[in-house]
Each structure stands twice: as C-alpha cells, then as structure tokens.
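Here the structure is laid out as structure tokens; the discussion comes afterwards.
Bear in mind that the values in this text are calculations on the coordinates, not laboratory data. No experiment lies behind these values; they were computed from the predicted model shown. Here Cβ is always computed from backbone atoms with ideal geometry, including for glycine, and neighbour counts include all displayed protein chains.
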Amino acid sequence: MFLVTGATGSLGRRIVRQLRDQGKSVRAFVRLTSNYEELEDRGAEIFIGDLKQDKDIAKACQGVKYIISSHGSGSNAQALDYRANIELIDCAKENQVEHFVFISVLGVDRGYQDSATFKAKREVEKYLMKSGLNYTILRPSGFANNLLPLAERFRETGIYLLIGDPQHRSSIVSTDDLATIAIASVETSAAKNRIFAVGGPNILTREDIPRIFARLFNKEPIIINPPLALFDGLRSGLGLINPQLQKSLGTLRTLLAHEFFCTAEEIALLEFTFNMQMESLESFLLRYLGSN
Ligand SMILES: NC(=O)c1ccc[n+]([C@@H]2O[C@H](COP(=O)([O-])OP(=O)(O)OC[C@H]3O[C@@H](n4cnc5c(N)ncnc54)[C@H](OP(=O)(O)O)[C@@H]3O)[C@@H](O)[C@H]2O)c1
C-alpha cells in the first residue's frame with residue numbers, strides 16, 4: 001500500500017492515476033472539501049483528513065509500505081511543508097515503512113531566506129536523511145502543468161505575462177514524468193537514499209516559453225514584461241495592509257528572482273537511473289492542448 005499526500009494536487013493526482021494504472025494499492029490522503037471523486041472511481045482508498053492534525057497523519061500511516069509526500073502548503077509553510085512532513089517521517093518510522101519519497105524543490109540548498117517553503121523543505125530533507133528510513137528526495141523545477149492555463153490564455157489572446165528577467169533559465173518538468181519517477185523511486189535500487197534534481201530535457205529561457213506557445217498556436221506573442229522591481233513595490237505596498245501576505249509572497253519572489261534549471265549531467269543521471277527519456281515542454285503542451 002502506498003500513501004500519497006496531496007493526492008488531489010497537480011502532482012498527487014498523477015501519482016495516484018499511475019499507481020492505479022499499474023494495479024497498485026494506494027491510500028489517497030485528501031481533504032473533505034476537495035474533489036476526490038476521480039481518485040475513488042479509479043479504485044484508490046480515500047482517507048479523509050487534514051495534514052495539520054497529527055492524529056490524522058498517524059492513522060493514515062497505519063499499514064502502509066511506501067509514502068510519497070507530495071502535498072503543497074498554500075501560505076502555511078510552517079504547518080504543512082515543515083510540521084506535517086516531520087510527523088509523516090516519525091509515523092513512517094513507527095510503522096516500519098520501507099521507503100519514503102519526498103518532493104522537495106530545485107535550489108532548496110541555496111539558502112534562500114525569503115521563502116519559508118524552501119527553508120522548510122531543506123529542514124525536512126535533513127531530518128529524513130537522518131531518520132534511518134530508506135528515502136528518495138526529488139528536487140523538481142517548475143511543473144509543466146502550471147503553464148496549461150497560461151497557454152490557454154495565450155491561445156485566446158496571444159498575451160504572455162513575463163515578470164522579471166526574460167533570459168533567466170529553467171528546466172520545466174513534465175508533471176507526468178515526475179509522477180513516474182516518484183513511483184519508480186521505491187523499487188529502483190540506484191534511487192535508494194539519493195537526491196535527484198528533476199527537470200525537463202531542455203534548458204529554456206523564460207522568453208522561450210511564449211515562443212513555444214507561438215509555435216503551437218501559430219500566433220505572434222504579445223509579451224508584457226514588467227520588471228521584478230514592480231512586483232517588489234506591490235509586495236511592499238501589500239505589506240502595509242497585510243504583513244502575513246507580504247511574507248507568504250516570499251516563495252513567489254524567490255522563484256521570480258532566480259534561475260532554476262538542471263544541468264545536462266543531472267538530466268543524464270535521471271534518465272539513466274530511471275531508464276526513461278524526459279519529455280519536453282512542447283510535447284507536454286501538445287499532449288494536453290493539441291495545436292492551433
Ligand atoms: N508546482 C510546482 O511548480 C512545483 C515545483 C517544485 C516543487 N513543487 C512541490 O511539489 C509538491 C506538489 O505540488 P503541486 O503543484 O502538485 O501542489 P498543488 O497542486 O498545490 O496541491 C497541493 C495539495 O496539497 C493538499 N493540501 C494542502 N493543504 C492540506 C491539508 N491541510 N491537509 C491535506 N492536504 C492538503 C491539497 O489539497 P486540496 O485539494 O484539499 O487543496 C492538494 O492536494 C509540493 O510539495 C510543492 O512544493 C511544486
């Protein structure tokens with residue numbers, strides 16, 4: 001039995017779908033308020049709970065062999081990115097879980113102080129490595145599915161909003177590939193107790209993205225490119241009214257201000273270890289949206 005947290009999220013849903021396609025048993029940790037009907041229809045065991053509640057985590061971990069932690073945090077990094085994962089690791093130990101897969105983030109080890117999520121994920125990584133559990137830590141770059149609504153808008157309007165430096169590089173990863181790797185991690189001996197950077201096969205600059213959209217939809221892009229300073233100004237203004245919101249924008253600020261890409265060696269290692277070819281962003285978009 002796999003326990004998947006964040007089972008209704010972009011990544012978690014794909015993990016549950018693939019596990020069920022492979023005929024594997026999966027317990028999907030979901031909130032009552034979320035839409036989990038599809039997971040139930042696919043034969044996942046639905047566990048309704050809240051990751052802020054330790055007793056829910058303890059109950060969900062009973063009798064599971066593998067845990068894939070793929071939940072997000074909204075604006076509550078302390079409770080969800082940090083505390084819930086520590087609790088999951090402790091419960092995994094109590095239940096003699098065989099393998100723990102943790103979805104971290106690319107660049108987590110660079111010490112970005114403005115993002116509570118980055119800091120929490122780094123602390124969880126350290127805790128997991130010292131836990132004595134078998135683990136795999138995956139550090140993905142931005143998910144390709146994040147771009148689907150932007151591509152849809154582009155298809156309608158030709159407009160693309162690009163905040164910050166257009167030359168910044170990224171390695172957008174197919175969310176389906178990441179789900180495949182998360183699942184394969186538990187039975188790939190070369191993935192045991194390892195950390196992997198996970199990205200797509202190509203290093204893309206930010207301005208490559210509207211170019212890809214333009215190719216797919218045969219439309220000239222209208223790129224709106226406000227500088228990062230404008231975002232900073234708005235964030236400071238918001239901070240006067242809502243300091244908590246200003247803080248929680250720290251992760252977005254970190255993502256906008258820095259480059260997050262995998263080296264060719266990191267992608268080669270990933271493809272070799274998991275015996276797969278990473279999908280390009282263009283192919284992902286084509287699969288989901290078609291062209292024109
Ligand atoms: N998106 C990216 O580009 C990216 C890049 C690198 C790393 N990551 C990491 O990858 C992981 C998955 O990201 P994602 O984009 O798939 O996340 P997502 O779509 O935002 O989904 C978040 C999931 O966490 C669940 N969740 C939130 N609070 C919860 C609570 N209190 N109790 C139970 N469940 C709760 C949500 O449930 P509801 O449906 O009930 O809201 C949802 O299923 C995260 O750890 C994220 O930090 C993401």
Please state the charge dipole magnitude for the chain, taken about the Cα centre, from unit charges on C-beta atoms (+1 on K and R, -1 on D and E), reported in debye and rounded to the nearest 20. 360 debye
With each pseudo-label sitting 7 Å past Cα toward Cβ, what's the ILE195-SER291 distance in nm, one decimal? 4.0 nm
Residues of segment 239-257 with amide N under 16 Å of a point placed 7 Å along Cα→Cβ from ALA79: 244-245, 248
Grab the alpha carbons of segment 97-179, take their convex hull, and tell me the volume per residue in Å³. 124 Å³
Starting from the Kirkwood Rh over alpha-carbon pairs, what translational D in µm² s⁻¹ does segment 169-292 have by Stokes-Einstein at 20 °C and 1.002 mPa s? 125 µm²/s
LYS59: which aspartates and glutamates have alpha carbons under 12 Å from its alpha carbon, excluding same-chain residues fewer than 8 sequence positions away? ASP50, GLU87, GLU94
Label points 7 Å out from Cα along the Cβ direction at ASP109 and GLN277: separation in nm? 3.0 nm
Cα radius of gyration and Dmax for segment 49-149 (Å): 13.6, 41
Cα atoms only: what Rg and Dmax, in Å, come out for the chain? 19.2, 57
Rounded to whole Å, give me the distance from the Cα center of segment 119-163 to that of segment 1-28. 18 Å
Lysines with Cα under 23 Å of LYS55, excluding same-chain neighbours fewer than 8 positions away: LYS65, LYS93, LYS121
